[in-house]
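To start, the structure under review is shown below, and the notes come after it.
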């Protein structure tokens, strides 16, 4: 069980802070069920996740794990969908998001960069998918490395030697 103040990864929503733990304060809601009240690091609002729901949750990675991930990024293969039908491309990336792994997020970003560089027009879907993957990845890295989320990408690029 997580505690108030913990930073966790919640499903495909990225980093959230456990704001409180308790029943929902909504008329008609069962007072017997306990929920995590989660505030996302990126975005707004509150998620209410039943403590016993089985939804994917884990602690944010450690600084050491974050540094190791960054060091491994050049070797992570891009995720490239070779099917151009929208529903197949969407399904391809949805499956990668469901892995809840930072390596999968890096793979998505690298794959979409390749895909977008090969095309003459920009795809708003590809840009939105890349933004989502970066938000989740950079959010977790910012917490693990104790830095502002806007400083994560320059830090990654300086570490792996890209400009």
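Quick note: the coordinates plus some simple rules give every number you see, no bench work behind them. It should be emphasised that the depicted structure is a prediction, and the values quoted were computed from it without experimental measurement. So basically every Cβ, Gly included, is an ideal-geometry build from the backbone, and we count neighbours across all protein chains shown.
Here are some notes:
- Förster-model FRET efficiency, 25 Å R0, residue 113 and residue 85, C-beta, rounded to 0.05: 0.75
- Modelled spin labels at residue 3 and residue 125, positioned 7 Å past Cα toward Cβ, are 4.5 nm from each other.
- Degrees, to the nearest 10: 124-145 long Cα axis against longest axis of the chain: 60
- Here the relative contact order of the chain, from alpha carbon pairs under 8 Å that lie six or more residues apart, stands at 21 percent.
- Crossing angle, helix 102-118 versus the chain [Cα axis fit, 0-90 degrees, rounded to tens]: 40
- If the chain linking residue 24 and residue 55 were pulled fully straight, counting 0.36 nm for each residue of separation and taking away their Cα-Cα distance, it would gain 9.4 nm.
- Estimated distance in nm for a label pair at residue 31 and residue 46, the labels positioned 7 Å out from Cα along Cα-to-Cβ: 1.8
- Over segment 7-59, Cα pairs under 8 Å with separation of 6+ residues give a relative contact order of 36 percent.
- Pairwise centroid distance, computed over Cα atoms, of segment 35-92 with segment 140-163, Å: 17
- Whole-number percent relative contact order across segment 92-163, with pairs defined as alpha carbons under 8 Å at least 6 apart: 24
- Protection-proxy order for peptides 52-63, 130-141, each taking the mean of Cβ atoms within 10 Å per residue, highest first: 130-141, 52-63
- Relative to its Kirkwood radius, the Cα radius of gyration of segment 7-59 gives an Rg/Rh of 0.97.
- Going through (1) 9.0; (2) 9.9; (3) 11.2, the figure that equals mean projected area of the Cα convex hull in nm² as computed for the structure here is (3).
- 0 to 90° range, to nearest 10: angle between helix 86-97 axis and the chain longest Cα axis: 60
- Extension gain (nm, one decimal) between residue 72 and residue 100, 0.36 nm per residue minus Cα-Cα: 8.4 nm
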